[in-house]
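**Student:** Here's a structure for you.
The values are calculated or read from the model by the stated rules, or taken from the named source; none is laboratory data. Computed from a predicted model, the values in this text were never measured in an experiment. Cβ placement follows ideal geometry from the backbone for every residue including glycine, while neighbour counts extend to all protein chains displayed.
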């Protein structure tokens, strides 16, 4: 074979190695950060005994998991029970392949894009792979042969299918204005300054996407699948040792990748006030990577922040919220973006139109829900905004 | 053997084995999982054929939505316990397999004998259109096939209403 | 890769689906076999579309998928309601027109 792309193979291998390790280390840091930040938010200390500031706590946890007995209960369906954690972890690991985590570096006369694979259906790849995560949950739940696990699994699959729709529809506005499915192109198309980023042009879609992302990663306020207080941890009740750790890691990996995708799609990728162009061909690449990293980290902080701010939805509230608020908002965003973009061609008009349309839709839905409300004695805070009070009215 | 042939054999074998596993597993859950494997291998074949968009949609629609519904129903009805009884007799089964093999021979014969002169010649030209295939599909879908596209949306709407009617009647009868 | 290989594979997958419909009596598995047959047809569509060098075949595949999705929704709803009435989804036992 002449023209063997040796350089491409080596650089890809190095990129994969770095990214997978960053993901795994990121999971460890997230576990530490989650507990410390939770502690800080609840005015307590959090783990601070192992290592400086408790930084080695995840290592200790990992060692504990590894040395724990790998228990397989008698009543489980063994092949699926063993397979389920892997089916959750593998999609979480491979989905990162198309996320562009920086601009590009020039080394040895070749340009290396800071992205493992720039495929032309990048965003569809992400949707496809994330939709597979549900199998790990459902099969783990079913194989456990335990009613609480099964309840958690069924809740989770219904939730994931419902919110996947919003996830897919919310990005269509972005795709229409970028006219590309490649995540790299989407990131490049957004300019250097925050007001050029997609989250302002598609603000309702951005909110819908982020909310759906929370639901897809089973985070509070959407963590019904594993609600500790109701379902004894749900689908992974019967799991222990490394298998449980795999479920755990997959959840955190999904969070990290989800944040990276949101940053790429809506928050300008590696752009930040032109800082990403400072320095030579190598340094600008590294700086852009740093900017991307910081943005992702900030978004991950939001994940933890929301966890301690919002209470868990009830199941019917979850379904109502997904189908009656998020989905109409995402659909409206498509129609409005398309119509305004064709007629005016101005991003400013599209941005304003999107917000107004979303406001109207939410008001209409909320109004309809309030009108059809079944009479029920309840104490309501009338000062609250239209959306939350309508949400309460759904009950 | 070039990489494409190796991948074709790999994906083809996996999809065939998966398909055979679908019809031979006793338990519906395992059948459903085998079907997912088959769908995946087919997505791989679609990528080999340069149909990236279709491959992604295959995974999103079939593996991500349809098979989850199957699993959902199997789990909800707890069908595993029912599947053992009521299999058809061995003699009929043999007859069915023989008929199936006859059908396979016919299909293979048609596939091999069909006039397919443009196959290799245009394979080269098709490769360059691969990178714009999503664009091509969109253009075809919203120009030439606009009416079928709208009809498809009607079919989906009909399915939606149909399911609601089925389920509604169910709950009314129970109450 | 020549077109025939894909068509042969497609024919074999289709046949597997047909055999499945013939030998299995569980309605859900029969349903899965129908999906298998639809997929075999999809494979043939994409292969021929590639060999002709145009995208129409892929558009057909998208239509097939949409119809399959609708069919699955309806079919599974029917299976669930049949199961609720008769406690079985064996197609040989569901043979009376009266509910």
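**Student:** Taking into account only those residues within segment B:44-53 that are more than 10 Å from chain A (Cβ to nearest Cβ) and free of Cβ contacts under 8 Å to residues at least 24 places away in the same chain, which is nearest to residue C:67 (Cα to Cα)?
**Tutor:** It comes out as B:46.
**Student:** Within the group C:38, C:7, which residue is farther than 20 Å from residue B:137 by Cβ and modelled with pLDDT of 85 or more?
**Tutor:** Details: C:38 fails: farther than 20 Å from residue B:137 by Cβ.
Residue meeting the stated conditions: C:7.
**Student:** Continuing with the same structure: Quickly run through segment A:278-289 and pick out the residues that are touching a residue at least 12 places away in the same chain (Cβ under 8 Å) and assigned to a helix (DSSP H, G or I). If you could, list the steps in order and put the result at the bottom.
**Tutor:** If we filter segment A:278-289 for residues that are touching a residue at least 12 places away in the same chain (Cβ under 8 Å), which is where we start, we get A:281-282, A:284-289.
Within segment A:278-289, A:284, A:285, A:286, A:287, A:288, A:289 qualify.
**Student:** Oh, and also: All but one of (1) within 18 Å of the chain's Cα centre (by Cα); (2) modelled with pLDDT of 80 or more; (3) buried (at least 18 other Cβ atoms within 10 Å of the Cβ) hold for residue A:226, so report the exception by its number.
**Tutor:** If we test residue A:226 against (1) within 18 Å of the chain's Cα centre (by Cα); (2) modelled with pLDDT of 80 or more; (3) buried (at least 18 other Cβ atoms within 10 Å of the Cβ), just (2) comes out false.
**Student:** Residues A:153, A:191, A:173: which one is in a helix (DSSP H, G or I) and at pLDDT below 80?
**Tutor:** Numbers: A:191 fails: in a helix (DSSP H, G or I); A:173 fails: at pLDDT below 80.
One residue alone meets the criteria, A:153.
**Student:** Here's something else I'd like to know. Go through B:13, B:41 for me and flag whichever is more than 9 Å from chain C (Cβ to nearest Cβ), out of contact with any strand residue (DSSP E or B) (no Cβ under 7 Å at 6 or more places or on another chain), modelled with pLDDT of 90 or more and under 30 Å from residue B:78 (Cα atoms).
**Tutor:** B:41
**Student:** Hey, can you tell me all the residues within segment C:58-98 that are touching a residue at least 40 places away in the same chain (Cβ under 8 Å), more than 7 Å from chain B (Cβ to nearest Cβ) and farther than 30 Å from residue B:137 by Cα? Before you say what the answer is, go through the steps one by one.
**Tutor:** First pass over segment C:58-98, keeping only residues touching a residue at least 40 places away in the same chain (Cβ under 8 Å): C:72, C:75-76, C:79, C:82, C:89-92, C:94.
After this cut, where a residue has to be more than 7 Å from chain B (Cβ to nearest Cβ) as well, the list is C:75, C:82, C:91, C:94.
Within segment C:58-98, C:82, C:91, C:94 meet the criteria.
**Student:** I would also like to ask the following. Do the conditions hold for residue C:11, that is, is it buried (at least 20 other Cβ atoms within 10 Å of the Cβ), under 18 Å from the mean Cα position of the chain (by Cα), part of a helix (DSSP H, G or I) and more than 7 Å from chain B (Cβ to nearest Cβ)? Break it down stepwise before answering.
**Tutor:** Values: buried (at least 20 other Cβ atoms within 10 Å of the Cβ): yes; under 18 Å from the mean Cα position of the chain (by Cα): yes; part of a helix (DSSP H, G or I): yes; more than 7 Å from chain B (Cβ to nearest Cβ): no.
Spelling it out, it is not the case that residue C:11 is buried (at least 20 other Cβ atoms within 10 Å of the Cβ), under 18 Å from the mean Cα position of the chain (by Cα), part of a helix (DSSP H, G or I) and more than 7 Å from chain B (Cβ to nearest Cβ).
**Student:** Within segment B:137-147, which residues are loosely packed, with under 15 Cβ neighbours inside 10 Å and either within 7 Å of chain C (Cβ to nearest Cβ) or not in a helix (DSSP H, G or I) (or both)?
**Tutor:** Matches in segment B:137-147: B:143, B:144.
**Student:** Then there is this: Sort through A:69, A:110 and tell me the only one that's touching a helix residue (DSSP H, G or I) at 6+ places or on another chain (Cβ under 8 Å), surrounded by fewer than 14 Cβ atoms within 10 Å (Cβ to Cβ) and more than 20 Å from residue A:249 (Cα to Cα). Spell out the reasoning first.
**Tutor:** Details: A:69 fails: more than 20 Å from residue A:249 (Cα to Cα).
Step by step, each of A:69, A:110 is checked, and only A:110 is touching a helix residue (DSSP H, G or I) at 6+ places or on another chain (Cβ under 8 Å), surrounded by fewer than 14 Cβ atoms within 10 Å (Cβ to Cβ) and more than 20 Å from residue A:249 (Cα to Cα).
**Student:** Look through segment A:132-142, keep the residues that are within 15 Å of the chain's Cα centre (by Cα) and buried (at least 24 other Cβ atoms within 10 Å of the Cβ), and return whichever of them is farthest from the other protein chains (Cβ to nearest Cβ). Quick ask: steps written out before the conclusion?
**Tutor:** Taking segment A:132-142 and keeping what is within 15 Å of the chain's Cα centre (by Cα), we get A:132-134.
Right, trim to buried (at least 24 other Cβ atoms within 10 Å of the Cβ) and you get A:133-134.
Numbers: A:133: 9, A:134: 6 Å.
Per the criteria, the residue is A:133.
**Student:** Condition first: out of contact with any helix residue (DSSP H, G or I) (no Cβ under 8 Å at 6 or more places or on another chain), more than 20 Å from residue B:57 (Cα to Cα) and at the interface with chain B (Cβ under 7 Å from one of its Cβ atoms). Can you find one or more residues in segment C:50-57 that meet it?
**Tutor:** Within segment C:50-57, none of the residues are out of contact with any helix residue (DSSP H, G or I) (no Cβ under 8 Å at 6 or more places or on another chain), more than 20 Å from residue B:57 (Cα to Cα) and at the interface with chain B (Cβ under 7 Å from one of its Cβ atoms).
**Student:** Same structure, new question: When segment C:18-34 is examined, which residues are found to be touching a residue at least 24 places away in the same chain (Cβ under 8 Å) and facing chain B (nearest Cβ under 7 Å)?
**Tutor:** Within segment C:18-34, C:25, C:26, C:28 qualify.
**Student:** Can you find a residue that is away from every other protein chain (no Cβ under 12 Å), under 20 Å from the mean Cα position of the chain (by Cα) and part of a loop (DSSP other than H, G, I, E, B) anywhere in segment A:177-188?
**Tutor:** no
**Student:** For the condition crowded, with 19+ Cβ neighbours inside 10 Å and not assigned by TED's automatic domain parsing to the domain that holds residue A:245, what is the one hit in A:52, A:47?
**Tutor:** On the way: A:52 fails: crowded, with 19+ Cβ neighbours inside 10 Å.
Answer to the check: A:47.
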